[in-house]
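Only one structure is covered here, and it is reproduced in the block below.
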Amino acid sequence: MRLLLVEDDLALQANLQGQLVSAGYSVDVAGDGEEGLFKGREYPYDAAIIDVGLPKLDGISLIKTLRKLDKSYPIIVLTARDHWQDKVSGLDAGADDYLTKPFQSEELLARLNALIRRSVGQASPVIENGPLRLNTSSAQVWVNEQLITLTSYEYKLLEYLALHPEQVKSKTELTEHIYDQDFDLDSNVIEVFVRRLRKKLDPGAEYGFIETLRGQGYKLKVFDNK
């Protein structure tokens, strides 16, 4: 999943970015509201974390503007402990949740994961699809109850497809959602990851988990879980 983090406290920004990357997210950062608006408008995000007290353009105005631009990805607003009005203003502006500083990174990750799941209609952290099972909280994958070892980016690609079952995702879209904005979108790395996933998840080509639609992209096959 690809995130936008808008925070002007550079120490906190770096700390949060490191924790989010360690949790498997690709993170673009902005240090003020104007930069946050540019990135939030121009790049495809799965969620955003926005501080209220931003220079150039405050967080509440940033959220309002993104919503007016029909940016519907989940937004968590960060507020100061004694500014309860900011929580209300943030939610009224279009934020989906808030966190009061200081907070534990585990709480941020839990809220973020829940918001992203709900935004695609997946309430549970565990995605079950026939013999395939993903735990999005622990980033673990099983096929027929056998734990499969994946690299970070292999997992990111599989998770994105699993959160959008039966939806065709182009190589460009997949690249944009698992890497930051500086990655070379012309790379064939997605094809490499798909080949690796097929080999690891389905070495006998029994299930055909990932389907290729020539000229369009890839989608995850949906199984009947009954």
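The values are calculated or read from the model by the stated rules, or taken from the named source; none is laboratory data. Quick caveat, the model's predicted, so the values are computed rather than measured. Cβ: placed from backbone, ideal geometry, glycine included. Neighbour counts: every protein chain shown. Only protein heavy atoms, including side chains, enter the accessible area calculation; ligands, DNA and RNA are left aside. Shrake-Rupley method; radii C 1.70, N 1.55, O 1.52, S 1.80 Å.
Some observations on this one:
- Complete set of residues in region 11-27 that are surrounded by fewer than 20 Cβ atoms within 10 Å (Cβ to Cβ), assigned to a helix (DSSP H, G or I), within 15 Å of the chain's Cα centre (by Cα) and touching a residue at least 12 places away in the same chain (Cβ under 8 Å): GLN17, GLN19
- Qualifying positions in region 34-49 - out of contact with any Asp or Glu (no Cβ under 8 Å at 6 or more places or on another chain) and among the aliphatic types (A, V, I, L, M): LEU37, ALA47, ALA48
- Condition met for SER61 (out of contact with any strand residue (DSSP E or B) (no Cβ under 6 Å at 6 or more places or on another chain), open to solvent by 50 Å² or more (accessible area, probe 1.4 Å) and of a type in the set (Ser, Thr, Tyr)): no
- Criterion: within 30 Å of THR79 (Cα to Cα) and modelled with pLDDT of 90 or more - qualifying residue of LEU197, LEU108, LEU147: LEU108
- Against the list (1) closer than 15 Å to ARG198 by Cβ; (2) without any contact (Cβ under 8 Å) to a residue 60 or more places away in the chain, the condition TYR155 fails is (2).
- Residues of region 28-51 that are open to solvent by 10 Å² or more (accessible area, probe 1.4 Å) and assigned to a helix (DSSP H, G or I): GLU34, GLU35, LEU37, PHE38, LYS39, ARG41, GLU42.
- Close pairs (8 angstrom Cβ cut-off, 6 or more residues apart or separate chains): under 14 Å from PRO74 (Cα atoms) and free of Cβ contacts under 8 Å to residues at least 12 places away in the same chain in region 35-60, open to solvent by 10 Å² or more (accessible area, probe 1.4 Å) and outside any loop (DSSP other than H, G, I, E, B) anywhere: none
- Search result, residues across region 88-121 that are open to solvent by 30 Å² or more (accessible area, probe 1.4 Å), hydrophobic (A, V, I, L, M, F, W, C) and free of Cβ contacts under 8 Å to residues at least 40 places away in the same chain: VAL88, LEU91, PHE103, ALA110
Here's the yes/no breakdown for (1) of a type in the set (Lys, Arg); (2) modelled with pLDDT under 90:
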site: ILE127; (1), (2): no, no
site: LEU158; (1), (2): no, no
site: LYS169; (1), (2): yes, no
site: GLU173; (1), (2): no, yes
site: ASP184; (1), (2): no, yes
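- Of LEU108, LEU99, LEU157, all but one fail to be of a type in the set (A, V, I, L, M), touching a Leu at 6+ places or on another chain (Cβ under 9 Å) and closer than 13 Å to VAL52 by Cα; the exception is LEU99.
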